[in-house]
1. Do any of Lys28/Lys178; Lys158/Lys287; Lys189/Lys288; Lys288/Lys329; Lys169/Lys356; Lys2/Lys96 go past 22 Å between their Cα atoms, and which?
2. Which Cα, out of Thr98, Thr3, Leu32, lies furthest along the positive dipole direction of the stretch 1-119 (beta carbon charges, K/R +1, D/E -1)?
3. Regarding the stretch 214-357, what's the average projected area of the Cα-atom convex hull, expressed in nm²?
4. Which far-off residues, 5 or more places away or on another chain, put their amide H under 5 Å from the one on Val207, with H placed in the peptide plane?
5. Show me, for the stretch 270-287, the HN-Hα J-couplings you get by feeding each phi into the Karplus relation (A = 6.51, B = -1.76, C = 1.60, θ = phi - 60°), rounded to Hz, glycine and proline as x.
6. Quick one: what Rg and Dmax do you get for the chain from the alpha carbons, in Å?
7. Karplus couplings for the stretch 162-173 from phi (6.51 cos²θ - 1.76 cosθ + 1.60, θ = phi - 60°), rounded to Hz, Gly and Pro as x?
8. Where does the chain land at 222 nm, in deg cm²/dmol rounded to the nearest 500, when only DSSP H runs of n ≥ 4 count, each adding -39500 (n - 2.57), divided by all residues?
Amino acid sequence: MKTISILGSTGSIGTQTLDVVRHQNDVKVAALAAGRNILKLEEQIREFHPRIAAVWDEADARELRQKVADTSVRVVSGMEGLIEAATVQEADLVNKETLVCAGHLIMPLIRQYHVHLYPVDSEHSAIFQCLNGENPGRIEKILLTCSGGPFYGYSPEKLETVTVSDALKNPNWNMGRKITIDSATLVNKGLEVMEAGWLFSVTADQVEVVIQRQSIVHSAVQFVDGAVIAQMGMPDMRLPIQYAMFYPDRRPMETERLDLFKLRSVSFARPDMETFRGLPLAYDAMKKGGSMPTVFNAANEAAVARFLDRRISFLQIYEMIEECCSMHKVIPNPTVQEILDVQKSVMEHIRTVWDKD
């Protein structure tokens, strides 16, 4: 019997993780943590019976306690509550990563405490699978695939007029609103480049983003002898989630199978780095390192929130990220507190400069 704690249980990855749990008879949920979606969290509590449920705001926690008073769950809140959910003793697995901002802190701790870190992103799971039985020191290049988003082939002029509803139409993947926008800007791919660096001990120059419109090749690894190993399958996030949960076992899964005879061909292309400027900005942030990825991530979060609220245009997402990164003085090895302080300062700068009207 495996026991799991799920942080972000009401989001896209969280709900799909629970769908995997739903179809397995030997997985127990110890803790759930969510943001503000109290109704969804209540449903999950009643179905999966966790011992702990965490929300950020205490007012939401009080409301949730009333709703689930007839259950045995203990509702907690704030940072202390989130930490309790993440560190609940009986949990074998916790499904959350913090590598973009704190990879320099997380990876040494993983090695120190002999913890296993299994990637859940479809691309990183694909790379992990390609490396099964291989020597990671023989990686020449990681080929990180990307659907290209809904605006593949667009010019900057055409991007000036795209709307929120346009940007939320991902061609292949069903994701939450924020990550769907990140896919449209290619910022999400930049964040994945950073994560790949930490997960597989490679430099930015060893990670090449490849547009793969069909989302069938989920990523590949090129080795020093020229061999390329790729992982393929239908676009379904439950596959990498289940693989991470039960590694090294592969369990049966009810999902659509890849039919190569129907597929017939797959296409590959280079990303347009001049138009989709979030990707080169991410590479630059990764190379500068230290606190710069935190600035990149925080500025993007703030920009996407304002775009979804229709307060800025699509291209202004890039402008906001670039401005925040250009004015930041890098802290080489930031502590957790310094990471939080940098994030706070970025948010404050954006409120002061961009929200003044």
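The values are calculated or read from the model by the stated rules, or taken from the named source; none is laboratory data. Keep in mind that this is a model prediction, so the values were computed, not measured. Please note: Cβ atoms are built from the backbone with ideal geometry, for glycine as well, and neighbour counts cover all protein chains shown. The accessibility values were calculated without ligands, DNA or RNA, using every heavy atom of the protein model including side chains. Shrake-Rupley method; radii C 1.70, N 1.55, O 1.52, S 1.80 Å.
1. Lys28/Lys178; Lys158/Lys287; Lys169/Lys356
2. It is Thr3, whose Cα lies furthest towards the positive end.
3. 13.3 nm²
4. So Val207 has HN proximity to Ile142.
5. Computed from phi, the couplings for the stretch 270-287 are 7, x, 7, 6, 7, 7, 9, 6, x, 5, x, 5, 5, 4, 5, 5, 5, 5 Hz.
6. Reported Rg and Dmax, both Å: 20.5, 62.
7. Per-residue couplings from phi come out as 6, 10, 4, 5, 5, 6, 8, 9, 6, x, 10, 10 Hz.
8. -14000 deg cm²/dmol
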